[in-house]
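The values are calculated or read from the model by the stated rules, or taken from the named source; none is laboratory data. Just so we're clear, the structure is a prediction, and the values are computed from it rather than from any experiment. When we count neighbours, we look across all protein chains shown, and the Cβ atoms used for this are built from the backbone with ideal geometry, even at glycine.
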Amino acid sequence: MAKFIKEPAREIPVRAEVDVLVVGGGPAGLMAAQSAALVPGTSVMLIENRGSLGGNMTQGLPLLGFLGRKGNEVIKGLPLKFVERLRERGQATHHRACPLHVSLTMIDPEGTKLLAWEIMEECGVKVLMYVMFVDAIVEDGKIKGVIIESKKGREAILAKTVIDCTGDGDVAFRAGVPMAYGNEKGIAQPPTLMFSMRGVDSRKLRDAVADHPEIYDIDFIPNEFFRSDDNCTMVGFRNQIKQAREAGYKLPVERTIFMTGMAPDEWWVNMSRVNGIDATDPEQYTRGEEVCIKQNAEIVRYLKAYIPGFENAYMDRVAPFMGIRETRRIIGEYVLTEQDIFDCARFPDAIGVAAYPVDLHHPVGGDCTLMWCPDCYDIPYRSLVPQKVDGLLCAGRNISATHLALASVRVMGPAMCLGEAAGKAAALSVKAGVEPRALDVAKLQDALRAEGVYFRD
Ligand SMILES: Cc1cc2nc3c(=O)[nH]c(=O)nc-3n(C[C@H](O)[C@H](O)[C@H](O)COP(=O)(O)OP(=O)(O)OC[C@H]3O[C@@H](n4cnc5c(N)ncnc54)[C@H](O)[C@@H]3O)c2cc1C
C-alpha cells in the first residue's frame, strides 16, 4: 500500500516571464526554440534538465528521415540548415540513401552540442540547464507557465505559450492533457544504451560482408551495398547471434546492429535492450541503465569474437544516458495513424512532411519490423495541438500518433521538423493573441515555407 504525506503550499519565486517557453533541448526543442525566436519581438527560453543540448542527437545516432523514398529531401528548413552548418565543419555526412532506413546522415555528437549553443546564442534564446520541469501551472484550462526544480529549489517560469519537447510529454501530462502510452497492451518500445567501438578494421568488415553473404546474413540489403566506404547501418548477422547464443553468450537481440561513426575505424552499436521499462519511473529507468551496461559488456565480447574486423576493437564512448524510444504521447486534435503513413496522407493543415518507415523495435522479444510508405506523408498541425489544455503545443516523440505511427515520426529528422513548426506556431499565436488551436494555419504554413520547409505541391 503506497504511503503519502501532505506537502504544504508555499510561495516560490518567479525566475522569468517569456512569450514562448520550450521544455526540453533535444532535436525538437532546439528547432522549436530557434523557430520561435526568429519571429521578431518574441522572447524565448529553453529549459533542459541535462548539461548539454541535443537530447538524442548526442547519442552517436545518425539522423534518419531527411530523404523520402524517391530520394528527394523531405526535411528542409531549419533542420537542414543545422546539418549544412555541421557539414561545413566536417561534422556531418551527406544524406546517404539506404534501402532499409531510407536515408542516414551521420553527425558528430560533440559538434552538435557546440552548434546548438551557437544557434541559441545567435537567435537570442535564453537557455537554462540543470533544471527539471516538474509541474504545470494551469488556470481555467490554460497553461500559464511551469514549475522547475534545481539546486536553487522550486521556481516558476511564466509563459504565454509552452512547447513540450520533453519526449515523454511531461508538461502535457502534468497539465492534464489526455495521454496514451505504448501499444494496445500499454507496453512501449524498449530503450537502448548506445556505445561506440574504435579500432575496427572497417575494410576487413566491409569486404567480409560483401564477399561472404553465405556466412554474414544481412537484413533486406544486398551485402555488396556495404563494400563502399560510405556511411551505413549494418543490420543482420543473425547467424552469428545464433552461434554465439549456442556457445553461451547472453544476447538481448535477434540481430546485430551497428553503424558508421564519423571516424573511419568507429562504429556505434545499437544492441542493448530492456523490454517492459517505463522510463517515466526512476526505479525502472535505473534498472534499465544497469541492465544495459551489463549487456553492453557481453555485446563487446560477442562483436570481438564473431564479427570480422572487430577482433582488436575496443569500447570507446558510451552514450550519456540510456535512450528512450517511447513513453507517453499526447492525444491531440488529430491522432496520426499508421494508415495515414501507408496512404501517404495529405492534410490541409500540413506543417511538414515525413517519409521514414514505421520502425518498430518489438516491445516483447528481441526483434524489429520495418514497414515503408511508398513516398512520404503530411504531418497535420492538429497532431501537435493537445486536447483540453490551451497555451500548449507538443513536438518530437510525444506528439499525437498511434503506437505504430509514432514508430515512424519519432526519428530525429521529423522530430526537428515538428519542432520548427511548433516554435513558429507558438510565436505566431502569441503575436496574434490567439490560442495555438485557433491559429490561422495558412499563415503558419506561409511562415514555414518562407523558412524553406518542404511541402508537397
Ligand atoms: C536507442 C535509440 C536509437 C534511435 N535511433 C535513431 C536513429 O538512428 N536516428 C534517428 O533519427 N532517431 C533515432 N531514434 C529516435 C530519436 O532519437 C528520438 O525519437 C528523437 O530524439 C526524439 O526527439 P525529441 O526532441 O522529441 O526528444 P529527445 O531527443 O529525447 O530530447 C528531449 C530532451 O528533453 C529533455 N527533458 C526531458 N524531460 C525533461 C524535463 N522534465 N525537464 C527538462 N528537460 C527535460 C531531455 O533531457 C532531452 O534533452 C532512436 C532512439 C533511441 C532511444
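Could you check the range 266-296 and list, in sequence order, the residues that are without any contact (Cβ under 8 Å) to a residue 40 or more places away in the chain and charged (D, E, K, R)?
Matches in the range 266-296: Asp281, Glu283, Arg287, Glu290, Lys294.
Does any residue of the range 405-420 turn out to be touching a residue at least 60 places away in the same chain (Cβ under 8 Å) and farther than 30 Å from Asn275 by Cα?
Within the range 405-420, one or more residues are touching a residue at least 60 places away in the same chain (Cβ under 8 Å) and farther than 30 Å from Asn275 by Cα.
Just to check your reading of the model, which residue among Lys126, Lys151, Lys113, Lys142 is in contact with an Asp or Glu (Cβ under 6 Å, 6 or more places away or on another chain) and basic (Lys, Arg)?
Lys142
Return the residues of the range 61-73 that are buried (at least 24 other Cβ atoms within 10 Å of the Cβ), assigned to a strand (DSSP E or B) and more than 10 Å from the ligand (Cβ to nearest atom); say none if nothing qualifies. Give the derivation first.
Step one: list which residues in the range 61-73 are buried (at least 24 other Cβ atoms within 10 Å of the Cβ), which gives 62-68.
Filter once more, keeping what is assigned to a strand (DSSP E or B): 63-64, 67.
Answer for the range 61-73, where residues must be buried (at least 24 other Cβ atoms within 10 Å of the Cβ), assigned to a strand (DSSP E or B) and more than 10 Å from the ligand (Cβ to nearest atom): just Leu67.
All but one of (1) under 26 Å from Gly186 (Cα atoms); (2) buried (at least 19 other Cβ atoms within 10 Å of the Cβ); (3) assigned by TED's automatic domain parsing to the domain that holds Ile218 hold for Glu289, so report the exception by its number.
Looking at each condition in turn, Glu289 falls short on (2).
I'd like to check something: does the range 174-195 contain any residue that is assigned to a helix (DSSP H, G or I), touching a residue at least 24 places away in the same chain (Cβ under 8 Å), in contact with a strand residue (DSSP E or B) (Cβ under 9 Å, 6 or more places away or on another chain) and among the hydrophobic types (A, V, I, L, M, F, W, C)?
First pass over the range 174-195, keeping only residues assigned to a helix (DSSP H, G or I): 174-175.
Still in the running and touching a residue at least 24 places away in the same chain (Cβ under 8 Å): 174-175.
Checking which are in contact with a strand residue (DSSP E or B) (Cβ under 9 Å, 6 or more places away or on another chain) leaves us with 174-175.
Of the ones still in play, those that are also among the hydrophobic types (A, V, I, L, M, F, W, C) are 175.
Yes, some residue in the range 174-195 is assigned to a helix (DSSP H, G or I), touching a residue at least 24 places away in the same chain (Cβ under 8 Å), in contact with a strand residue (DSSP E or B) (Cβ under 9 Å, 6 or more places away or on another chain) and among the hydrophobic types (A, V, I, L, M, F, W, C).
Counting only residues that are under 18 Å from Val453 (Cβ atoms) and more than 16 Å from the ligand (Cβ to nearest atom), which one in the range 7-41 is surrounded by the most Cβ atoms within 10 Å (Cβ to Cβ)?
In this case the residue turns out to be Ala37.
If I ask for residues that are modelled with pLDDT of 95 or more, of a type in the set (Phe, Trp, Tyr) and touching a Pro at 6+ places or on another chain (Cβ under 8 Å), which ones from the range 199-256 would you list?
Tyr216, Phe225
Is it the case that some residue within the range 287-310 is aliphatic (A, V, I, L, M) and modelled with pLDDT under 95? It would help to see each step written out before you state the result.
Step one: filter the range 287-310 for residues aliphatic (A, V, I, L, M), giving 291, 293, 297, 299-300, 303, 305, 307.
Still in the list and also modelled with pLDDT under 95: none.
No, the range 287-310 has no match at all.
For the range 74-82, state whether one or more residues are more than 15 Å from the ligand (Cβ to nearest atom), among the hydrophobic types (A, V, I, L, M, F, W, C), modelled with pLDDT of 95 or more and under 15 Å from Lys424 (Cα atoms). Full working, then the answer.
Let us first name the residues in the range 74-82 that are more than 15 Å from the ligand (Cβ to nearest atom), namely 76-77, 81.
Those left that are additionally among the hydrophobic types (A, V, I, L, M, F, W, C): none.
No, the range 74-82 has no match at all.
Regarding the range 199-219, can at least one residue be identified that is within 16 Å of the ligand (Cβ to nearest atom) and either part of a strand (DSSP E or B) or without any contact (Cβ under 8 Å) to a residue 12 or more places away in the chain (or both)? Walk me through it before giving the result.
The initial filter retains those residues of the range 199-219 that are within 16 Å of the ligand (Cβ to nearest atom), namely 219.
Restricting the remaining residues to those that are either part of a strand (DSSP E or B) or without any contact (Cβ under 8 Å) to a residue 12 or more places away in the chain (or both) gives none.
No, the range 199-219 has no match at all.
Please specify each residue of the range 83-102 satisfying the condition of being of a type outside the set (D, E, K, R), touching a residue at least 40 places away in the same chain (Cβ under 8 Å) and within 14 Å of the ligand (Cβ to nearest atom).
Thr93, Cys98, Leu100, His101, Val102
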